[in-house]
Amino acid sequence: MDNRFYKPRCPRAAPGRGTLRRACAERGALQQQASRFPLLPPLKLPCAAPLNPRPHPRLTPLAASLAAWWLAAVPASAWAQAVPPPAPAGSGAPGIELRMSPELKPLPRGDAAKQLPAFLEAQEVRGRPDLETIAEGDVEFRRGGVVIRADRLTYEQADDLATARGNVRISKDGNRYTGPELQLKVQRFEGYFLSPTYYFARTGAGGTAKRIDFIDEQRSIATGATYTSCTPDGSGTPAWLLSTDKVDLDFATNEGFAEGAVLRFLGVPILAAPHFSFPLSDARKSGWLPPTIVPVDSRSGPRIGVPYYWNIAPNRDMTFYPEVSTRRSVSLGTEFRYLEPSYNGTVKLNLTPYDRTTGTTRYGFTGAHDSDFGSGLRLETRLQRVSDDDYWKDFPNDISTLTPRLLQSDVNLVREVGDWTTYVRARSWQVLQTTDPSTRIEAPYQRLPQIGARYTKGFGPGLQVAFESEFNRFVNPTDPLQNVATDDRLTGNRLHALGSISRPFGTPGWTVTPKVSFNAASYSLDRPMSDGRTSASRIIPTFSLDSAWVFERDARYFGRAVRQTLEPRLFYVNTPFRDQLTLPNYDSAAKDFNFDSIFTENAFSGVDRVSDAHQVTAGVTTRFLDPDSGAELLRLGIAQRYLFRQQDVTPDGVPLTQRASDLLLLGSTTLVPRWSLDAALQYSPDTERIARSTVGVRYSPGPFRTISATYRLTRGLSEQVELGWQWPIYGPTPDESRAATDSGLGSGRSGSSGSGSCRGSWYAVGRVVYSTFEKRMTDSLLGLEYDAGCWIGRVVLDRTSTGTSEATTRVLIQLELVGLSRLGSNPLQVLKDNIPGYRLLREERTTTQPMTSYD
């Protein structure tokens, strides 16, 4: 049963069961009464709420999976109990409504647990009062969180000892055991189980053992144990099987010790360990992580690595990534993480002492640190450096940035006092250049230092004031190896100030916002500018008026009721011309022309350039909304800018005389079920052609089925077509399998594990980007996923361009044993990042367990 839709209800009282068969709203009173009578007819109360899910930590050693099937031996850490609210006085309601409990309360332990009542039901019950009770025929015994069913059961009250024989089944914490014989001191959970078969809801898997000895609630020993998530279907050995000679478990110390562990896949041993320790829960523990294997890499050759995780302390850990590459030799990566009350951070270092392809030592370093000193004072540090220009091509996974050729180092000390924010900052860059002049990029200036203050405050009935002042020392980047400047651009100091005062007027249906702002800057340069000056200053004022309206109406289109909005907007800007051609440009660039930038005062980003303007921008957007859910079904928009005079400050220095700008159009819709469409166009009235466009369509008829196509055009520069997909090509999807086997929780696997018979399902995944401008495939990702229910295989070919005539090709292979671990190279992040709408065949498992009728 899906716990998300489970609404607990009380069963009607069964006839002939006496006064103890009242509604579960009287549960507390019944338990008090039952405590005086240890053995009473059973009270079935399916009134529990589902456990709240909790995600797994990211770092969990492979060995942790060995103990997952023994988690049933640990007591339940939390239980959901529905507490009935009191009936309203005088309501005359015949019953009491039950609601989900907002909290999970643990069952009592120790002496308090001994006061819990025991319940027994059987075809025949006999015994001696206060000594022992013997039950035969469909026996069902319950005490606390333990439910035992058997053909015959003897319960010795003095020792709390239950001995069961014949078709013994025990349920505890959502997990189930079956076998021929059980002897158990129920509350202490001390005893043994002979030849048990078990299933654990936590992992959706189970296995068998020769014997389980429960030492107490925290310790147990298993001999001859196996574990798998493959359902026995009579065909022989499961597809994958983990077997051990002996397993010692100690939940008090969160440690397990296994002897003679062997993992077999399709009958072939693939991993073995004579003796090792592992954690017994999701808590972190030192140990080896699953190996990573990349069989094909066009730049580094086949690679294999076996990471090791070191749990230094609850708030500190380190992971080592030793790796061997056939082409580059041995490398070592390390990641150190720390978390303290007032500071935290991460340090990563990847080192290749000797790269055979280059004959040099290569490294990549990344560091992040944040400190909070209190009183609004904090420190933010980001550092990133690599050994050479080709590092981003050869080691792409070691560079964690959206621009792998532009690596930033940033140290920022911030102090917040009231409405003021002050800061002292240093920023530098490492630019990874290429030998191809056409692909070289200009490095940003280094700011050594950057000192500033910002102020924002509202006054009176709506007046908004903003101010910023900043001093920067701009320096050209230096070559990290030769310590010389890589550029010969103007360097020097800049002091600038930005300020604005605005006052919005309006109602929820319309707003008018006048705004006065200024941009002032003063420069002191290390060498003369083109006009011979070494210092200069300027101040540029701006007035803007922004007006927007929102109209809406109820309408009906194509037989469907909708709510339509009409949202016109007018934006006026007046900025006088100031000559800035000879001034240095440290941080300004032309903004991209789109629906956001067209409604801004300045056509440039940064401080050094301010576009002169006497213009008005007009736009209108209309949206069609579902009147019940508010979901947007359709959006259409159009915008255009009109110049009252020519613009002299432009990116290329050529005055802009075209009065009417290009026309911007956008549209998006989900009106057609399972289809979504997005489009943005820039149309030039002068050439009567589309200057830029992005059009995307996606078809998603159901889970694990998505196809997308995108067309991008920048006339004269680039033209691309992109296709992405995830689609089943054979067999049912996991959701279809779950629906078919939803009632088979006892089949030996969870409903999320796919089909109950391990039938194979094939999926095609991929993304290709073709440049019609260059007439070549720039990027491609092609793969197959095979879901056998209890295991998943993935093969992905990833080809990424690293230049106009070169690319990196990798083949990623992964074997996922459902309920255990993932082995090989991990392509999942690559698939999620590149395929729109991609969905994992198995979502990350949480600790949520299905509820039984007694939980």
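Identify, by number, the condition in (1) modelled with pLDDT of 90 or more; (2) at positive phi that residue 223 doesn't meet.
In the conditions (1) modelled with pLDDT of 90 or more; (2) at positive phi, residue 223 misses (2) alone.
Being modelled with pLDDT of 95 or more and either open to solvent by 30 Å² or more (accessible area, probe 1.4 Å) or on the phi < 0 side of the Ramachandran plot (or both) narrows it down to one of 530, 547, so name that one.
Working: 530 fails: modelled with pLDDT of 95 or more.
Answer to the check: 547.
Suppose we keep only residues that are aromatic (Phe, Trp, Tyr) and open to solvent by 40 Å² or more (accessible area, probe 1.4 Å) within region 561-602. Which one would you say is farthest from residue 623 (Cα to Cα)? Even if it seems obvious, please write down each step before you answer.
Of the residues in region 561-602, the ones aromatic (Phe, Trp, Tyr) are 571-572, 577, 586, 593, 595, 599.
Within this subset, residues satisfying the condition of being open to solvent by 40 Å² or more (accessible area, probe 1.4 Å) are 572, 577, 593, 595.
Details: 572: 24, 577: 38, 593: 22, 595: 16 Å.
Of everything passing the filter in region 561-602, 577 is farthest from residue 623 (Cα to Cα).
I'd like the full set of residues that are of a type in the set (Phe, Trp, Tyr), under 23 Å from residue 410 (Cα atoms) and in contact with a Ser or Thr (Cβ under 7 Å, 6 or more places away or on another chain), limited to region 337-372. Let's see the steps before the verdict.
Of all residues in region 337-372, those of a type in the set (Phe, Trp, Tyr) come to 338, 343, 354, 363, 365.
Of the ones still in play, those that are also under 23 Å from residue 410 (Cα atoms) are 338, 343, 363, 365.
Hits for region 337-372 are 343, 363.
Being loosely packed, with under 14 Cβ neighbours inside 10 Å and either basic (Lys, Arg) or touching a strand residue (DSSP E or B) at 6+ places or on another chain (Cβ under 7 Å) (or both) is the filter here, so list the residues in region 374-418 that pass it.
400, 401
Cβ-Cβ below 6 Å, separation at least six or inter-chain, first residue in region 352-377 and farther than 13 Å from residue 395 by Cβ, second open to solvent by less than 30 Å² (accessible area, probe 1.4 Å) and part of a strand (DSSP E or B): which pairs?
Every condition considered, the pairs that remain are 354/329; 356/329; 368/345; 369/345; 369/381.
Suppose the filter is in contact (Cβ under 8 Å) with a residue 12 or more places away in the chain, assigned to a strand (DSSP E or B) and touching a helix residue (DSSP H, G or I) at 6+ places or on another chain (Cβ under 9 Å); does residue 640 pass it? Can you show your working first?
Details: in contact (Cβ under 8 Å) with a residue 12 or more places away in the chain: yes; assigned to a strand (DSSP E or B): yes; touching a helix residue (DSSP H, G or I) at 6+ places or on another chain (Cβ under 9 Å): yes.
For residue 640, the condition - in contact (Cβ under 8 Å) with a residue 12 or more places away in the chain, assigned to a strand (DSSP E or B) and touching a helix residue (DSSP H, G or I) at 6+ places or on another chain (Cβ under 9 Å) - is met.
Across region 748-774, which residue is modelled with the highest pLDDT among those that are open to solvent by less than 50 Å² (accessible area, probe 1.4 Å) and of a type in the set (Ser, Thr, Tyr)? Talk me through it step by step, then tell me what you get.
Initial filter on region 748-774 (open to solvent by less than 50 Å² (accessible area, probe 1.4 Å)): 748-756, 758, 760-761, 763-769, 771-772.
Going one step further and asking which of them are of a type in the set (Ser, Thr, Tyr), we end up with 750, 752-753, 755, 761, 763, 771-772.
Numbers: 750: 37, 752: 37, 753: 37, 755: 35, 761: 90, 763: 95, 771: 91, 772: 91.
So the residue we want is 763.
Step by step: first the residues of region 339-351, then only those that are open to solvent by 40 Å² or more (accessible area, probe 1.4 Å) and of a type outside the set (S, T, N, Q), then the one that is farthest from residue 394 (Cα to Cα). Which residue is that?
Going through the qualifying residues, I end up with 341.
Give the residue that is nearest to residue 556 (Cα to Cα), with candidates limited to residues of region 620-660 that are modelled with pLDDT under 95 and among the hydroxyl-bearing types (Ser, Thr, Tyr).
Top of the filtered list is 629.
What number of residues within region 184-218 satisfy the criterion of being over 19 Å from residue 150 (Cβ atoms), open to solvent by 20 Å² or more (accessible area, probe 1.4 Å) and in contact (Cβ under 8 Å) with a residue 60 or more places away in the chain?
So the answer is 3.
Which one of these does residue 477 not meet: (1) open to solvent by less than 40 Å² (accessible area, probe 1.4 Å); (2) over 26 Å from residue 538 (Cα atoms); (3) within 34 Å of the chain's Cα centre (by Cα)?
(3)
Considering 469, 517, 438, which residue is crowded, with 17+ Cβ neighbours inside 10 Å and out of contact with any helix residue (DSSP H, G or I) (no Cβ under 7 Å at 6 or more places or on another chain)? Don't jump to the end; show me each part of the working.
Working: 469 fails: crowded, with 17+ Cβ neighbours inside 10 Å; 438 fails: crowded, with 17+ Cβ neighbours inside 10 Å.
After applying the criteria, what remains is 517.
Could you grab me the full set of residues in region 244-262 that are out of contact with any helix residue (DSSP H, G or I) (no Cβ under 8 Å at 6 or more places or on another chain) and either among the small types (Gly, Ala, Ser) or open to solvent by less than 10 Å² (accessible area, probe 1.4 Å) (or both)? Spell out how you get there, then give the answer.
At the first step, the residues of region 244-262 found to be out of contact with any helix residue (DSSP H, G or I) (no Cβ under 8 Å at 6 or more places or on another chain) are 245-246, 248, 250, 252-255, 257, 259-260, 262.
Those that are out of contact with any helix residue (DSSP H, G or I) (no Cβ under 8 Å at 6 or more places or on another chain) and either among the small types (Gly, Ala, Ser) or open to solvent by less than 10 Å² (accessible area, probe 1.4 Å) (or both): 252, 260.
Just to be sure, is residue 264 out of contact with any Gly (no Cβ under 8 Å at 6 or more places or on another chain), basic (Lys, Arg), within 30 Å of residue 240 (Cα to Cα) and in a strand (DSSP E or B)? So that I can check it myself, show each step before the final result.
Details: out of contact with any Gly (no Cβ under 8 Å at 6 or more places or on another chain): yes; basic (Lys, Arg): yes; within 30 Å of residue 240 (Cα to Cα): yes; in a strand (DSSP E or B): yes.
It is true that residue 264 is out of contact with any Gly (no Cβ under 8 Å at 6 or more places or on another chain), basic (Lys, Arg), within 30 Å of residue 240 (Cα to Cα) and in a strand (DSSP E or B).
Looking at (1) touching a helix residue (DSSP H, G or I) at 6+ places or on another chain (Cβ under 9 Å); (2) under 24 Å from residue 209 (Cβ atoms); (3) hydrophobic (A, V, I, L, M, F, W, C), which one does residue 288 not meet, given that it meets all the others?
With (1) touching a helix residue (DSSP H, G or I) at 6+ places or on another chain (Cβ under 9 Å); (2) under 24 Å from residue 209 (Cβ atoms); (3) hydrophobic (A, V, I, L, M, F, W, C) applied to residue 288, the lone miss is (2).
Which residues, taken from region 115-134, are touching a Ser or Thr at 6+ places or on another chain (Cβ under 8 Å) and assigned to a strand (DSSP E or B)? Give the steps one after another, and end with the answer.
If we filter region 115-134 for residues that are touching a Ser or Thr at 6+ places or on another chain (Cβ under 8 Å), which is where we start, we get 115-117, 120, 125-127, 132-134.
120, 125, 126, 127, 132, 133, 134 - these are the residues of region 115-134 that are touching a Ser or Thr at 6+ places or on another chain (Cβ under 8 Å) and assigned to a strand (DSSP E or B).
Residues of region 352-365 being surrounded by 15 or more Cβ atoms within 10 Å (Cβ to Cβ) and part of a strand (DSSP E or B), which ones? Walk me through it before giving the result.
Applying the first criterion (surrounded by 15 or more Cβ atoms within 10 Å (Cβ to Cβ)) to region 352-365 yields 352, 355, 357, 362-365.
Selection gives 352, 355, 362, 363, 364, 365.
Cβ contacts < 7 Å: first residue in contact (Cβ under 8 Å) with a residue 60 or more places away in the chain, restricted to region 570-581; second residue outside any strand (DSSP E or B) and among the charged types (D, E, K, R), any location; separation 6+ or different chain. Result?
Here the result reads 577/612; 577/648; 580/609, each pair linking region 570-581 to a residue that is outside any strand (DSSP E or B) and among the charged types (D, E, K, R).
The values are calculated or read from the model by the stated rules, or taken from the named source; none is laboratory data. Owing to the predicted nature of the structure, the values given are computational and were not obtained by experimental measurement. Virtual Cβ from ideal backbone geometry, glycine too; neighbours counted across all protein chains shown. The accessibility values were calculated without ligands, DNA or RNA, using every heavy atom of the protein model including side chains. Shrake-Rupley method; radii C 1.70, N 1.55, O 1.52, S 1.80 Å.
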